[in-house]
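Okay, structure first, notes after.
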Amino acid sequence: MDALLLHGGEVYDPEAAGAGGHGALRRADVLLVDGRVAAVGEALSLPEGTRAVDCAGLLVTPGLVDLHAHVFVGQDLGVDPDVVGPPSGTTTFVDTGSAGAHLFGAFRRGTIDRAGTRVRAFLNISSIGATSILLAGELENLAYANEDVCLAGAREHADRVIGIKVRASGNVVGRSGAEPMHRARRVADTLGLPLMVHLGPAPPGSDEIMATLRKGDVLTHCYTGFEDNRLSVGGRVRESVLEARERGVVFDVAHGMSAFDAEVATEMLAAGFRPDTISSDVHAYSLDAVGDLPTVMSKFLALGMELEEVLACATLKPALHAGMAADGVGTLRVGAPADVAAFELVAGPVAYADTRGGTFEGSRRLRTALTVRAGVIVHEALKEGRQ
Ligand SMILES: [Zn+2]
């Protein structure tokens, strides 16, 4: 029996939260046995040979679930999930369209099936995937946005594909306009899977994008600052956006290299429009801007969100929207995969930058102290004197 006890931490259990996300934090031990959560509580009875890790003063949470990332190793954008995951407390990445149907086999064999970190994916409507974000858009040539090819790819890899992705913005679609988005919509509907649409410069315009999105679909890059397509104008969130939220459309951060405008975020948060999920959009070109997922989460602490809500946005909520929460991902439910992270909440002034030259200040930040994936410690940066 392989048993690990995370002892004496401040445990964040998202499923223990009441209305408003409160009540989910309590002092407790977390016992992990044979790759599963065995118990959360106090004075637990321990199997013989249990290794204990002192987590006093640390925030112990489900392993983070990053709903928007690019982890197709060897592809232009891709970063290695086993390199960026463990030091960031991230145990699950959802790759968002790095691969289309014609490359998914390579992505699967080279990365998904090999990585220790859990990887699931939105399949790009373009068969070539987000092959080169710097040279040309994958949807400029509509021939690549072939619905039958995308359907076949999604069906072949149904155990790994959780939705369909379309980068519906002018810098990706060129003259194809909204057509790729409508094709992606039809494929997602045929499969019964969510559609993730990225927001950038028009076309398509945000109202047309909102009209395309339904309950469970994801609008990613929600705090983007492209002037012709931002989701709030003059302090008011667009009507089409409010209606979409009402319908159950999911609004995801996806910070990335150009998609996080602190002014837009501040304005929308002040209007009460908080994100459903906080994701990094980490990739080879965004690493410097993103840092890691806990840094992106810390930015939302700085912008005034409460700790428990920020944690929910990177654990249970993305797992729910990615269809993985039923298996316990993003939770500390008994029987859930033993994916756990521990963070230090470091007090002190911290300066943040957005992706458009803006800066703002925070007073605390999350620093990853420990990452456990499937019951195995994959990152350990505990203070001396622990254990
Ligand atoms: Zn992305």
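The values are calculated or read from the model by the stated rules, or taken from the named source; none is laboratory data. For clarity, every value in this text was computed on a predicted model and none was experimentally measured. Methodologically, a virtual Cβ is constructed for each residue, glycine included, from the backbone with ideal geometry; neighbour enumeration extends over all protein chains shown. These area figures cover heavy atoms from the full protein model, side chains too; ligands, DNA and RNA do not enter into them. Shrake-Rupley method; radii C 1.70, N 1.55, O 1.52, S 1.80 Å.
Please check: in the Gaussian network model of the chain (C-alpha springs, under 10 Å), which one of Gly177, Gly357, Gly328 has the largest mean-square fluctuation.
So, out of Gly177, Gly357, Gly328, the one fluctuating most is Gly357.
Count the lysine pairs in the chain whose Cα atoms lie under 19 Å apart, taking only pairs 8 or more positions apart in sequence or on different chains. Let's see the in-between values first.
Numbers: Lys165/Lys215; Lys165/Lys317; Lys215/Lys317; Lys299/Lys317.
Close lysine pairs under the 19 Å cut-off: 4.
Which of Glu227, Glu308, Glu179 ends up with the largest GNM mean-square fluctuation for the chain, with Cα atoms connected below 10 Å?
The residue that fluctuates most here is Glu227.
What Kirkwood hydrodynamic radius do you get for region 61-103 when you take the inverse of the mean 1/r over all pairs of distinct Cα atoms, in Å?
Details: mean 1/r = 0.0930 Å⁻¹.
One decimal place: 10.8 Å for the Kirkwood radius.
Just to verify a number: what accessible area does Arg155 come out at with the full protein assembly present, 1.4 Å probe, Å² rounded to tens?
140
Please report the antiparallel percentage of the DSSP beta bridges confined to the chain, to the nearest 5. Don't skip to the end; give the middle numbers.
On the way: 36 of 68 bridges.
Of those bridges, close to 55 percent are antiparallel.
Near Pro337, within a Cβ-to-Cβ distance under 9 Å, what is the net charge of the other residues, with Lys and Arg +1 and Asp and Glu -1? Spell out each step's value before the answer.
Details: positive: Arg36, Arg118, Arg373; negative: Asp327, Asp339.
That works out to +1.
Report the far tail of the P(r) of the chain, meaning the percent of Cα-Cα pairs longer than 36 Å. It would help to have the intermediate numbers written out before the result.
On the way: 14702 of 74691 pairs.
When every Cα pair of the chain is considered, 20 percent fall beyond 36 Å.
Using the Cα gyration tensor of region 27-70, with a ≥ b ≥ c the square roots of its eigenvalues, what is the shape: rounded (a/c below 1.5), prolate (a/b larger than b/c) or oblate (neither)?
On the way: a/c = 2.55, a/b = 1.72, b/c = 1.48.
It is prolate, given that a/c is not under 1.5 and a/b is the larger ratio.
Based on the Cβ-Cβ distance from Thr359 to Ala158, what FRET efficiency comes out when R0 is 41 Å, to the nearest 0.05? Don't skip to the end; give the middle numbers.
Numbers: r = 44 Å, r/R0 = 1.08.
Given R0 = 41 Å and the Cβ-Cβ separation, E is 0.40.
When only Cα pairs under 8 Å and 6 or more residues apart are kept, what is the percent relative contact order across region 1-85?
Values: 134 pairs, mean separation 27.2, N = 85.
Contact order relative to length: 32 percent.
With a cap of 15 neighbouring Cβ atoms within 10 Å, and only residues DSSP puts in a loop, list the trypsin sites (Lys or Arg not before Pro) found in region 295-364. Intermediate results must be reported in sequence, preceding the final value.
Values: sites: Lys299, Arg333, Arg356, Arg364; in loops: Arg333, Arg356.
Sites meeting the loop and neighbour criteria: Arg356.
For region 140-217, what is the largest minus smallest coordinate of the Cα atoms on each principal axis, given in angstrom and ordered from greatest to least?
Principal-axis extents of the Cα atoms in region 140-217, largest first: 33, 29, 16 Å.
Could you tell me the convex hull volume per residue, in Å³, taken over the Cα atoms of region 21-106?
It is 157 Å³ per residue.
Return the Cα extents of region 193-265 along principal axes one, two and three, sorted largest first, each rounded to a whole Å.
So the three principal-axis extents are 30, 24, 21 Å.
Using the Cα atoms as the points, what is the convex hull volume per residue of region 1-62 in Å³?
So the per-residue Cα hull volume is 74 Å³.
For region 246-386, restrict the atom set to alpha-carbon positions and state the Rg and Dmax in Å.
15.7, 51
Need one word for region 314-387: rounded, prolate or oblate. Basis is the Cα gyration tensor (sqrt eigenvalues a ≥ b ≥ c); a/c below 1.5 gives rounded, then a/b vs b/c decides.
Note, shape of region 314-387 comes out oblate.
What is the dipole size for the chain, taken about its Cα centre, with +1 at each Lys and Arg Cβ and -1 at each Asp and Glu Cβ, in debye to the nearest 20? Kindly include the intermediate steps, with their values, before the conclusion.
On the way: 35 positive and 49 negative charges, 66 e Å.
The dipole of the chain has a size of about 320 debye.
Only sites in a loop by DSSP and with at most 12 other Cβ atoms within 10 Å count here; which GluC sites (Glu not before Pro) in region 1-104 make the cut? Each step should come with its number before you reach the end.
On the way: sites: Glu10, Glu15, Glu42, Glu48; in loops: Glu42, Glu48.
Counting only loop positions with at most 12 other Cβ atoms within 10 Å, the GluC sites (Glu not before Pro) in region 1-104 are Glu42, Glu48.
Which one, Leu64, Leu44, Leu151, has the greatest fluctuation when you compute a Gaussian network model over the chain with C-alpha springs under 10 angstrom?
Leu44
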